[in-house]
2 protein chains.
Amino acid sequence: MLYRNPTAPIETRTRDLLSRMTLREKAGQLNQRMYGWNAYRRTPAGFELTEALYAETERFAGLGALYGLLRADAWSGVDHATGADAADSAALADLVQRHVVNESRLGIPALFVEEVPHGHMALDGTVLPVNLAVGATWDPELYEHAAAHAAAELRARGGHLALVSALDIARDPRWGRTEECFGEDPYLASRLTEALVRGMQGSSGDLFAPDKAPVVLKHFAGQGATIGGRNSAESELGPRELHEIHLPAARAGVRAGAAAVMAAYNEVDGMPCSGNRALLHDLLRRRWGFEGLVMADGLAVDRLARITGDPVSAGALALNSGVDLSLWDDGFTHLEEAVERGLVREETLDAAVIRVLRLKFRLGLFERPCPADQSPTPPTALAALGRDLSTALARAAVTLLHNNGGVLPIPSTATRIAVLGPHAATTAHQLGDYTAPQRPGTGTSVLDGLRRLAPPGVEITHARGCALTGDDTSGISEAVALADAADLAVLVLGGSSARTPETGFAANGAAQQTASEMTCGEGVDLAGLRLGDAQYELLRAASATGTPAVVVLVQGRPHAVPEAADLTAALLTVWYPGPWGGDAIAEVLLGHAEPAGRLPVSVPRSAAQLPVYYNHKDTEYGAYVDDSAEPLYSFGHGLSYTTFAYGPPRLGQHTVEVDVTNTGERRGRTVVQLYMRRLLTPVWPRTLELRAFRSLDLAPGECRTVRFPLGADQLAQVGADLETAVLPGTLEVRIAESARAALTAVPVLFRVDQNFTAPDATPL
Amino acid sequence: MLYRNPTAPIETRTRDLLSRMTLREKAGQLNQRMYGWNAYRRTPAGFELTEALYAETERFAGLGALYGLLRADAWSGVDHATGADAADSAALADLVQRHVVNESRLGIPALFVEEVPHGHMALDGTVLPVNLAVGATWDPELYEHAAAHAAAELRARGGHLALVSALDIARDPRWGRTEECFGEDPYLASRLTEALVRGMQGSSGDLFAPDKAPVVLKHFAGQGATIGGRNSAESELGPRELHEIHLPAARAGVRAGAAAVMAAYNEVDGMPCSGNRALLHDLLRRRWGFEGLVMADGLAVDRLARITGDPVSAGALALNSGVDLSLWDDGFTHLEEAVERGLVREETLDAAVIRVLRLKFRLGLFERPCPADQSPTPPTALAALGRDLSTALARAAVTLLHNNGGVLPIPSTATRIAVLGPHAATTAHQLGDYTAPQRPGTGTSVLDGLRRLAPPGVEITHARGCALTGDDTSGISEAVALADAADLAVLVLGGSSARTPETGFAANGAAQQTASEMTCGEGVDLAGLRLGDAQYELLRAASATGTPAVVVLVQGRPHAVPEAADLTAALLTVWYPGPWGGDAIAEVLLGHAEPAGRLPVSVPRSAAQLPVYYNHKDTEYGAYVDDSAEPLYSFGHGLSYTTFAYGPPRLGQHTVEVDVTNTGERRGRTVVQLYMRRLLTPVWPRTLELRAFRSLDLAPGECRTVRFPLGADQLAQVGADLETAVLPGTLEVRIAESARAALTAVPVLFRVDQNFTAPDATPL
């Protein structure tokens, strides 16, 4: 049988296999109906398969894909007592896969699809900082390493396909999934999406290496701009906004070779993405040439029955629109009937099946269906590297927003430090949504980090003061007393996406009735963007002691805490930094590491002034009568412990360069940001567009020249025809340390010619 | 000369005149550069013309149009001492017109263009309630009378063309111009826009009667949904949102024969409307067949120089995009040069000139250039009717939001009434933006109205308590003492769009530095939607006395005052009701009139939960974790002093009918609202769509059957191709007293056939 011949081309094998399949078997390949944790039961002897799995494989004469075999969290209810850990999950995957292959007449293995939003969300999986923290690093190279590691862990555990958030652009912080975004900017998100694809998939051509995992980029498209920041609500965006802001990361991911994308829940111009042929077929497949897989989001196909009338026609609409693989839906289980009723042409079904099978061939699953066959690195051997990478990302993401009088790094004169606040002594809320239960003792809190790293003789006291949510202020007096007696108070405040057993969940795993301390995560949208009242009270009371107060906000979205700007000596924000965030934060507080993070989102003063993203159109509006229209802190902002001077930009041959000098007393890092400001242009421009960035480490007094290319990546724009191209016009380049600084930076002006075909900016 | 022959067809006259004109004369016809109040000076003897007017008419060899000759407000600085009042403005118009005609080689008169957003905004012009109040009446017929009256006043004063807000849909109450919108709903706005056009223009075919005025419908398009509610900022809307929500009122106005539309400031998908050929040409002229005039908004053409580089090319872009007549711009003054430089074809210019000239012929200006030639009703004779119509609209707009225990109407047992609050005793803030200075004694405050209408023996006390803005609470104790001593406290709170001499203005007349009490109006965008702090304090303190408190909110937008829902016995909202609003409010409070108004916008709890419009897409989102996603009061809501029962809807032949019974003790008015809820449909539906409404006055116990047609107006939707048509599907009709009530109303379900060509809904 040709398809079994590993030396035959994948396309040949795929076609051969398809030609042997029944309609039922084909339909089976497009289904991913089960929650993976229902496929097994842990027994004293190991694992046993369930009747549910038997029924499923019998129903589909095999199994197309299995979601979340290794998922462990409050929703799935899987924990160390019931689930598969680092040591035994490969065996579980083996057991399931052998059963699937046996049940399949043609021996087709299943795809194991796993959540990898910030590390593999399985027991013992390395938890990385959330995407918003990755965005704050402005460091695609470091992220590529971390992504590669996550893929290796996934594959070592028996997983195949990694579901990774990457495409959602954070345009409204009220959205609970803001933490899953790389930020508000399409250029930054594009560079990080490329890094993700490169890191996870490698660049091995047709075949994935055994430590590489094909990615499913989530979500396509526009989900970061649903109305009111409401989860999976409609987006009202026009095509220009989509093309300029929401599509570039997907385009970059597709160009980098992403194996799959997930259609988003939200609608785009009248149709949810899973039923949106204009988006999935006309744009993604035809115009972009994407040949990979399109997966629907969980139960998104069945939602289409709202307008089609029944699950069969819903499945037909999704398939006809471009969805290949469903997730948990009933609709796709009826594809056989849909073909028989004439709702779907068998060729359409075949095309989807081919895309699923091709991925299985590319993964080598027919040759090595089970992890044991692949002999990758044993998962346990990966743990130490995972911790290093997670900590490195966390360290690079710590962002210093203000530092009055240079109160940070903590001076040696501070011998009594009070570490206060609900985040101070626990790692439970550093982890972000989706995270699996952690083994006791995993990770470090800020208190842990400071205790370990502070110089001998420094006395560190601690009180929690209050909970993350609610208005119980009974613990504040104890905290204030500690602050009063200290030289410095470190308040670790913020939010949480920690799911607990009390959390209620929707059928797709989004949180519904939130447990008391959950203020972020999927399903946890927040109108007011405020923290719990008691946290503000703690902040006010501690500040009132006169002891300098440093606030660390650990959060999954920019909460509105203007008080922290007004009342404190220094303010840091740390998007959920992962288990070892406490170390990273302590290192920065003590000056062992530089505050290297830069804001990937604008921080609003309040929800009332939304939106505040920096890259709005260049229109004449000023302020509200009762508030500014500007954010509290600008996109790109982040202070160092030293200072930098940027010279005026100089235009070269297809380049622009700038001299950057460390004008302070310490070595430090600056993120040099290149913004375009279009002057003469065929469509209305944004005030600023980030189009390049580079990190620079400089010793005191050191000056370095940074040279940026001025090529299509910098100059191209979405024209009147919605095609992205370099168009004639005049532009300014502004190079600065943040978007706000760019507004007053010295520009260099240049003209792009009518006949630009390659980078050839013409100095004026 | 053929063009002078009044019996020749207008098209013939226009072509003949055009053929005689120089390029300079043509360009002159497209300009409207002057502020009209700079054209004259008042002298003891009457009026004299200014050098500025002489220069202008010389420059353009005549004058195309003159903006705001009769405008009087804080921006223009015109008042009764310096401007033209009811008695003498026709003479002023005569003086200017005679000069223009004399200066024009071909004797072409000027168009006098005037602001008529809610009545003619001139000294002594009848001030009508603002559009949002008109929306609250749900009474197109009454509005048509009022619009007809405004047109008659305008023409009697010598004005020709009426600038009227109508097309902006109120999707974000943060926008300061929300008061200029008929509401959030496209159907309601469409019916009122039609009434406006019918009322002002009449239906006289080619020629306008001497008491009718061609309208310029403002603004086209999408200005009600700029980001953050920021004035003239970008809209990010997609074509579907535009077609479903923002374009229907314009389409209705065009169908009703509107003579002109004004291109909006905001951009639509990458281009400000004044430079947007897709909008002005492809859609408006080609697809809709609009043959009228397109005017640019003030200085909007010059703004295009931001991307074209200079005013000449900006003017060319606007003309080529479809703008015929500019407003105040420099750009259009260079059209001669633009033609000579080849930026504009002379045929394009000619087409615009034809549209201007055609309007002048339709107005009969060549035969009767001056008001004195037309002998319409003398303006002073119109005043009494104006007052009646303004009061009737105000009365119909008063909206009762809650009425605990039926505290209203004020019972005869209430013999001591305290009338409190900053709005209680003044008419200054009832008037809305754009309003001219009023003569002392014009209008009635709520205090005036109650004093006049309350039964003899009722003691009415008053204290202001606090100012509209700010946190000065020093006057509250006096007010609280009065409340404490009273049987009932009526608190008249709210906002203001009153421009004062201290207000600063942008070049286009939008407010910039706002005077202390201005919380609404053009340029006065509000992030937090809150009233001044002291008003809340007054509300809390007065409620705390235990005396039942009735709050009347006089406002230009839905401010966020959830306290008024919680703390008061009854709550009314009155969108700026005009000078005689005090009478209307008092009548309703005392039960002399029914509270007939219904909300034309959803009232939010806070700015943080925006948007809250009822006609969002039917997606699955629920609430925010920290707040509801539902408004405090729903679109369509408004209580009566009686109660009504709606029977189940019954489907007939192309109709649906419902029995409505007055189940209370009083005669009363209900607004029967028909909502569609689409089930099977080719594009994603909104939860509800208003598609018909009817007011009904019923005696206690009376039952009446209301029959609605089910035709294209009810059934049509915007298809996948963005064409509006009746498409096959299934639908529910729900008939209820508000959008919220419709969610739980008994539906009637029906199917629309494949081959629907005329109304033919098929009962299932």
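The values are calculated or read from the model by the stated rules, or taken from the named source; none is laboratory data. Here the structure is a predicted model, which is why all the values come from computation and not from measurement. When we count neighbours, we look across all protein chains shown, and the Cβ atoms used for this are built from the backbone with ideal geometry, even at glycine. Note: areas computed on protein heavy atoms with side chains; ligands, DNA, RNA excluded. Shrake-Rupley method; radii C 1.70, N 1.55, O 1.52, S 1.80 Å.
For A:LEU196, state whether it is closer than 27 Å to A:GLY229 by Cα, open to solvent by less than 10 Å² (accessible area, probe 1.4 Å), assigned to a helix (DSSP H, G or I) and touching a residue at least 24 places away in the same chain (Cβ under 8 Å). Let's see the steps before the verdict.
Details: closer than 27 Å to A:GLY229 by Cα: yes; open to solvent by less than 10 Å² (accessible area, probe 1.4 Å): yes; assigned to a helix (DSSP H, G or I): yes; touching a residue at least 24 places away in the same chain (Cβ under 8 Å): yes.
It is true that A:LEU196 is closer than 27 Å to A:GLY229 by Cα, open to solvent by less than 10 Å² (accessible area, probe 1.4 Å), assigned to a helix (DSSP H, G or I) and touching a residue at least 24 places away in the same chain (Cβ under 8 Å).
Of the conditions (1) in contact with a Gly (Cβ under 7 Å, 6 or more places away or on another chain); (2) at pLDDT below 95, B:ASP206 clears all except one; give me its number. If we test B:ASP206 against (1) in contact with a Gly (Cβ under 7 Å, 6 or more places away or on another chain); (2) at pLDDT below 95, just (1) comes out false. Residues considered: B:GLU236, B:GLU244. Of these, the only one that is modelled with pLDDT under 95, in contact with a helix residue (DSSP H, G or I) (Cβ under 8 Å, 6 or more places away or on another chain) and either outside the structural domain of B:TRP288 (by TED's automatic domain parsing) or closer than 29 Å to A:ASN266 by Cα (or both) is B:GLU236. Residue selection: A:ALA258 fails the criterion of being part of a helix (DSSP H, G or I) and either more than 14 Å from chain B (Cβ to nearest Cβ) or small (Gly, Ala, Ser) (or both). Taken as a whole, the structure places A:GLN555 among residues that are buried (at least 18 other Cβ atoms within 10 Å of the Cβ), more than 14 Å from every other protein chain (Cβ to nearest Cβ), polar (S, T, N, Q) and touching a Gly at 6+ places or on another chain (Cβ under 8 Å).
How many residues does the stretch A:207-228 contain that are in a loop (DSSP other than H, G, I, E, B) and touching a residue at least 40 places away in the same chain (Cβ under 8 Å)?
Keep residues of the stretch A:207-228 that are in a loop (DSSP other than H, G, I, E, B), which gives A:207-214, A:221-222, A:226.
Checking the rest, the ones that are also touching a residue at least 40 places away in the same chain (Cβ under 8 Å) come to A:207-208, A:210-214, A:221-222, A:226.
So the answer is 10.
May I ask you to list the residues in the stretch A:244-255 that are within 14 Å of chain B (Cβ to nearest Cβ) and closer than 26 Å to A:ARG303 by Cα? Full working, then the answer.
The initial filter retains those residues of the stretch A:244-255 that are within 14 Å of chain B (Cβ to nearest Cβ), namely A:244-247.
Scanning the stretch A:244-255 gives A:HIS246, A:LEU247.
Take A:HIS559 and tell me if it is under 30 Å from A:ALA629 (Cβ atoms), in a loop (DSSP other than H, G, I, E, B), out of contact with any helix residue (DSSP H, G or I) (no Cβ under 6 Å at 6 or more places or on another chain) and modelled with pLDDT of 95 or more. Answer is yes for this residue.
I'd like the residue in the stretch B:334-358 that is open to solvent by less than 20 Å² (accessible area, probe 1.4 Å) and under 28 Å from B:PRO369 (Cβ atoms) and, out of all such residues, is nearest to the chain's Cα centre (by Cα). Checking each candidate, the answer is B:VAL356. Annotation note: Cβ proximity below 6 Å between a residue of the stretch B:233-252 that is within 18 Å of B:LYS218 (Cα to Cα) and a residue that is of a type in the set (Lys, Arg) (sequence gap 6+ or interchain) occurs for B:GLU234/A:LYS617.
Scanning the stretch A:261-275 for residues that are at the interface with chain B (Cβ under 8 Å from one of its Cβ atoms), open to solvent by less than 10 Å² (accessible area, probe 1.4 Å) and assigned to a strand (DSSP E or B) gives a single hit, A:GLU267. Looking across the stretch A:625-645 at every residue that is among the aliphatic types (A, V, I, L, M) and more than 29 Å from the chain's Cα centre (by Cα), the one that is surrounded by the most Cβ atoms within 10 Å (Cβ to Cβ) is identified as A:VAL625.
Restricted to the stretch A:215-241, and to residues there that are of a type outside the set (A, V, I, L, M) and more than 27 Å from A:THR724 (Cα to Cα), the residue that is farthest from the other protein chains (Cβ to nearest Cβ) is A:GLY229.
Against the numbered list (1) part of a loop (DSSP other than H, G, I, E, B); (2) open to solvent by 10 Å² or more (accessible area, probe 1.4 Å), B:ARG452 comes up short only at (1).
What's the total number of residues in the stretch A:517-552 that are of a type in the set (Asp, Glu) and open to solvent by 20 Å² or more (accessible area, probe 1.4 Å)? Step through it out loud before you land on a result.
Going through the stretch A:517-552, the residues of a type in the set (Asp, Glu) turn out to be A:517, A:522, A:525, A:533, A:537.
Subsequent filtering for residues that are open to solvent by 20 Å² or more (accessible area, probe 1.4 Å) retains A:517, A:533, A:537.
Here the count works out to 3.
Quick test for you: out of A:ALA314, A:ALA305, pick the one residue that is of a type in the set (Gly, Ala, Ser), within 14 Å of chain B (Cβ to nearest Cβ), open to solvent by 10 Å² or more (accessible area, probe 1.4 Å) and farther than 29 Å from A:GLY158 by Cα. I'd like the intermediate steps shown before the answer.
Numbers: A:ALA314 fails: open to solvent by 10 Å² or more (accessible area, probe 1.4 Å).
Checking each option against the conditions leaves just A:ALA305.
Restricting to the stretch A:726-748, and then to whatever is open to solvent by 40 Å² or more (accessible area, probe 1.4 Å) and at pLDDT below 95, can you tell me which residue is nearest to A:LEU599 (Cα to Cα)? Result: A:LEU727.
Those strands (runs of 3 or more DSSP E) of the stretch A:583-689 in which 2 or more residues are within 14 Å of another protein chain (Cβ to nearest Cβ) occupy A:668-678. A single member of B:LEU128, B:LEU123 is out of contact with any strand residue (DSSP E or B) (no Cβ under 7 Å at 6 or more places or on another chain), under 19 Å from B:GLU153 (Cα atoms) and buried (at least 24 other Cβ atoms within 10 Å of the Cβ), and it is B:LEU123.
Criterion applied to B:ALA527, B:ALA467, B:ALA498 was being within 11 Å of chain A (Cβ to nearest Cβ), in a loop (DSSP other than H, G, I, E, B) and either in contact with a His (Cβ under 8 Å, 6 or more places away or on another chain) or hydrophobic (A, V, I, L, M, F, W, C) (or both), and the one residue passing it is B:ALA527. Comparison of B:LEU161, B:LEU167 shows that the only residue that is in contact (Cβ under 8 Å) with a residue 24 or more places away in the chain, open to solvent by less than 10 Å² (accessible area, probe 1.4 Å), touching a helix residue (DSSP H, G or I) at 6+ places or on another chain (Cβ under 6 Å) and away from every other protein chain (no Cβ under 14 Å) is B:LEU167.
It is to be established whether one or more residues within the stretch A:92-107 are closer than 20 Å to A:GLY331 by Cα, touching a strand residue (DSSP E or B) at 6+ places or on another chain (Cβ under 7 Å) and open to solvent by less than 30 Å² (accessible area, probe 1.4 Å). Spell out the reasoning first.
Residues of the stretch A:92-107 that are closer than 20 Å to A:GLY331 by Cα, as a first pass: none.
No, the stretch A:92-107 has no match at all.
Looking for whichever is touching a strand residue (DSSP E or B) at 6+ places or on another chain (Cβ under 8 Å) and not hydroxyl-bearing (Ser, Thr, Tyr) here; the options are A:ALA81, A:ALA45. Which one fits? Lay out the reasoning, then the answer.
Details: A:ALA45 fails: touching a strand residue (DSSP E or B) at 6+ places or on another chain (Cβ under 8 Å).
Every option except A:ALA81 fails the conditions.
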